[in-house]
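So the structure is just underneath, and the comments pick up after that.
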Amino acid sequence: MEKENKSKHTKLLEKAWKKFHEKDYAGAEADFTELIEKTNDSYALYARACAFFKLKEFENSLNDLNQFIKKQPKSYKGYHLRGIVKGSLNKPNDALKDIERSVKINPEYVEGYYDLGGCYLMLDEYQKAYDCFERCLTRDNSNAGAWFGKGMSSLMNKEYHKSIEYFTIAIKLNKKFLLAILARCDAYFTTGQKKEAIKDFNKAKNITPDILEFKKQYYSEPNYHKNEEDEFDGNNEIEDFSFDE
């Protein structure tokens with residue numbers, strides 16, 4: 001009987017994650033809730049927090065993560081996700097503490113360094129952000145988002161030529177990396193390379209015809225930050241919600 005219940009549990013969990021990865025977040029949340037009610041499984045709390053996060057129900061996600069971390073205090077992924085949720089609630093300092101905890105628990109955690117760099121950018125700690133993206137790249141050199149992060153850190157430190165170099169690598173890795181194209185456009189313009197800036201602007205315009213509205217919403221001076229409810233780089237962020245601790 002116990003084996004049969006475990007099999008049903010596993011199937012329901014698999015079905016819920018399948019819905020999650022198919023972007024049926026509401027369906028996944030309902031299935032994870034059923035699991036929690038039937039089994040009181042701490043992992044299902046983490047899973048439901050992921051679904052709530054995707055549904056932008058940040059307070060519900062935070063509540064589940066608080067309970068989950070009480071039960072699993074060494075879960076680096078739990079701290080990481082809670083940090084992202086706190087960032088989405090516009091609490092960057094609290095987010096920083098949780099994500100720092102995640103990489104302290106697991107020093108090889110690439111996703112943690114990536115989002116830690118994003119936190120430092122939000123807090124205008126550009127050298128610390130640069131160092132985090134660098135650590136991310138020593139573990140995953142093909143991460144376009146981390147190259148973009150290095151570029152943003154350099155751009156904000158007025159190291160324009162370095163930023164152009166890093167944005168160029170990010171764009172080579174992802175030819176439609178709109179934020180990187182716009183950032184390089186600004187760096188080119190600032191350094192007087194107007195022809196190159198125009199090329200990048202036209203490239204961005206081909207990707208998003210309403211580029212001026214996009215830039216106003218997602219990439220406005222002087223902060224170079226995205227909308228507060230978005231993660232550091234929505235199209236290129238690392239999102240690994242699997243639970244393999």
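The values are calculated or read from the model by the stated rules, or taken from the named source; none is laboratory data. What you see is a predicted model; the values in this text were computed from it and never measured. Cβ sites come from the backbone with ideal geometry, for glycine too, and all protein chains shown count toward neighbours.
Counting the residues of region 66-99 that are without any contact (Cβ under 8 Å) to a residue 40 or more places away in the chain, closer than 22 Å to GLU14 by Cα and under 17 Å from the mean Cα position of the chain (by Cα) gives 1.
Scanning region 112-127 turns up no residue that is closer than 24 Å to MET156 by Cβ, in contact with an Asp or Glu (Cβ under 6 Å, 6 or more places away or on another chain) and at pLDDT 95 or above. Of all positions in region 2-9, none carries a residue that is of a type outside the set (A, V, I, L, M), modelled with pLDDT of 90 or more and either closer than 24 Å to LEU116 by Cα or surrounded by fewer than 19 Cβ atoms within 10 Å (Cβ to Cβ) (or both).
Taking every residue in region 199-214 that is small (Gly, Ala, Ser) and at pLDDT 85 or above and pairing it with any residue that is buried (at least 17 other Cβ atoms within 10 Å of the Cβ) and assigned to a helix (DSSP H, G or I), at least 6 positions away or on another chain, the pairs with Cβ-Cβ distances below 9 Å are ALA204/LEU178; ALA204/ILE181; ALA204/LEU182; ALA204/CYS185; ALA204/ILE211; ALA204/PHE214; ALA204/LYS215. In region 136-153, the condition of being assigned to a helix (DSSP H, G or I), among the small types (Gly, Ala, Ser) and surrounded by fewer than 23 Cβ atoms within 10 Å (Cβ to Cβ) is met by at least one residue. Could you tell me whether ASP115 is touching a residue at least 60 places away in the same chain (Cβ under 8 Å) and under 28 Å from ALA187 (Cβ atoms)? Judged against the criteria, ASP115 is a match.
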